[in-house]
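Asks: Starting off with a structure, shown below.
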Amino acid sequence: MKPDTENMQPFGFDILVFDELESTNLFVVENEEMNALPEGTVVWAKRQTAGIGQSGNSWSSEAGKNLTFSIVLRPDFLAVQSQFELHKVLSVAVWNTLHEIMPQRDDIKIKWPNDIYVGTKKICGMLVNNIVAGNNYRLAVAGIGLNVNQTAFDPSLPNPTSLKNLTGDDFELFNILQKLLHNVVLWYDILKNNYLQKINKEYFANMLDFGERKNYRYRNAEIQATITGVDKFGRLQLQTADKQSLVCDIKEVQFII
């Protein structure tokens, strides 16, 4: 399948636009096996037939209304065991983009590990596929789904929202993509320069429920706990009401929102 003629290059990215793909992440991975795409390539599908979110969940999106795309990154400067730093950078880039669009809102938050919420509703999800060879970081495929102009969602989805739902305005998708890619470049460069303290400050300052006692479902039991951080492997660190320290992967803990 060939991309249409909308190839454009904002901020140094080469954007391949497709009317339809099964999954933009899958397209990149398959091309990696056949003919690797250069770093900075963006694969944007106006419709995904089998988009995938965290933990294998499907990503449902109305054709032509939202941004569903993947960015090819080759962070060979980053240690394999530090790959969650890339998740932080991408989350902060999306957070900054939404804050620029809706500066009046103070409830735009990063929900661990890398979803973006506005209030109690999810507006953006990410899935990063990593390919490593030994101790070398070969490829990161950053798949991003941002709800933009869609207003009605599948009722099976628990809590979706969109920019149009929140503002009442219609948005030009490419303009939003330009803003987002600009912020990705900015924060990816900060990561390249190893300014991890700056990244952590921005990530945790805008993290949903950070430092607040909330209810969570941990290993099928409801607990009260406070988020205290994220370890270098990207696992959520909690302190329970009785001062017990927990380190949780994504399959062990659920937010109760």
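Asks: Shape of segment 118-257 from its Cα gyration tensor (a ≥ b ≥ c, root eigenvalues): rounded if a/c is under 1.5, otherwise prolate when a/b > b/c, or oblate? Can you show the working numbers first?
Replies: Numbers: a/c = 1.81, a/b = 1.15, b/c = 1.58.
Oblate, because a/c is 1.5 or more while a/b does not exceed b/c.
Asks: When only Cα pairs under 8 Å and 6 or more residues apart are kept, what is the percent relative contact order across segment 155-257? Could the numbers behind the result be given before it?
Replies: On the way: 98 pairs, mean separation 15.5, N = 103.
Computed over segment 155-257, the figure is 15 percent.
Asks: Just want to confirm a number: the relative contact order over the chain, from Cα pairs under 8 angstrom separated by 6+ residues, in percent.
Replies: Working: 489 pairs, mean separation 41.7, N = 257.
Averaging sequence separation for qualifying contacts and normalising by length gives 16 percent for the chain.
Asks: With every protein chain left in place, what is the accessible area per residue of the chain in square angstrom, probe 1.4 Å?
Replies: Values: 12520 Å² over 257 residues.
With all protein chains present, the chain gives 49 Å² per residue.
Asks: Let me ask something else. By a straight-distance test (C-alpha under 25 Å), which lysines pair with K46 as possible cross-link partners, with residues fewer than eight away in the same chain excluded?
Replies: Candidates past the 8-residue exclusion: K2, K65, K121, K122, K164, K179.
Asks: Here's another thing I want to ask about it. Using a Cα-Cα cut-off of under 22 Å, which lysines could be cross-linked to K232, ignoring same-chain neighbours fewer than 8 residues away?
Replies: K88, K109, K111, K192, K198, K201, K243, K251
Asks: Here is a follow-up. For a quick protection proxy, order the peptides 237-245, 140-148, 73-81 by their average other-Cβ count within 10 Å, most packed first.
Replies: Details: 237-245: 12.3, 140-148: 24.4, 73-81: 15.0.
Sorting 237-245, 140-148, 73-81 by mean packing, highest first, produces 140-148, 73-81, 237-245.
Asks: Then there is this: Taking a probe of 1.4 angstrom, what is the accessible area of F210 in Å², to the nearest 10?
Replies: 70 Å²
Asks: Using only alpha carbon pairs under 8 Å that are at least six residues apart, calculate the relative contact order of segment 204-257 and give it in whole percent. Intermediate values should be presented prior to the final figure.
Replies: Numbers: 91 pairs, mean separation 16.1, N = 54.
Contact order relative to length: 30 percent.
Asks: Using Cα centres only, tell me the gap between segment 78-122 and segment 159-217 in whole Å.
Replies: If you average the Cα positions of each part, the centres end up 3 Å apart.
Asks: Right, something else. Counting helices only, and only those DSSP H runs with n ≥ 4, report the 222 nm mean residue ellipticity of the chain as the sum of -39,500 (n - 2.57) divided by its residues, in deg cm²/dmol to the nearest 500.
Replies: Values: 5 runs with 64 residues, N = 257.
For the chain, the value works out to -8000 deg cm²/dmol.
Asks: I've got another one for you. Could you rank the peptides 158-167, 197-206 by their average count of other C-beta atoms within 10 Å per residue, with the highest value first? Present the calculation step by step, with values, prior to reporting the outcome.
Replies: Numbers: 158-167: 17.1, 197-206: 15.5.
So the peptides 158-167, 197-206, ranked by packing, come out 158-167, 197-206.
Asks: Relative to 2.2 N^0.38 Å, what does the C-alpha radius of gyration of the chain come to as a ratio? Two decimals please. Don't skip to the end; give the middle numbers.
Replies: Working: Rg = 17.9 Å, N = 257, 2.2 N^0.38 = 18.1 Å.
So the Cα radius of gyration is 0.99 times the expected 2.2 N^0.38 Å.
Asks: For segment 24-176, with all protein chains present and a 1.4 Å probe, just round the carbon and sulfur fraction of the accessible area to a whole percent.
Replies: Numbers: 2870 of 6200 Å².
In segment 24-176, the share of accessible area belonging to carbon and sulfur is 46 percent.
Asks: Could I ask something else about it? Given the options G229, G134, G211, state which has the largest fluctuation in a GNM of the chain using a 10 Å cut-off (strictly under) for Cα springs.
Replies: The residue that fluctuates most here is G134.
The values are calculated or read from the model by the stated rules, or taken from the named source; none is laboratory data. Not measured: the values here are computed from a predicted model. Note: ideal-geometry Cβ built from the backbone for every residue, glycine included; neighbour counts use all protein chains shown. Remember, those area values only see protein heavy atoms, side chains included, never the ligands or the DNA or RNA. Shrake-Rupley method; radii C 1.70, N 1.55, O 1.52, S 1.80 Å.
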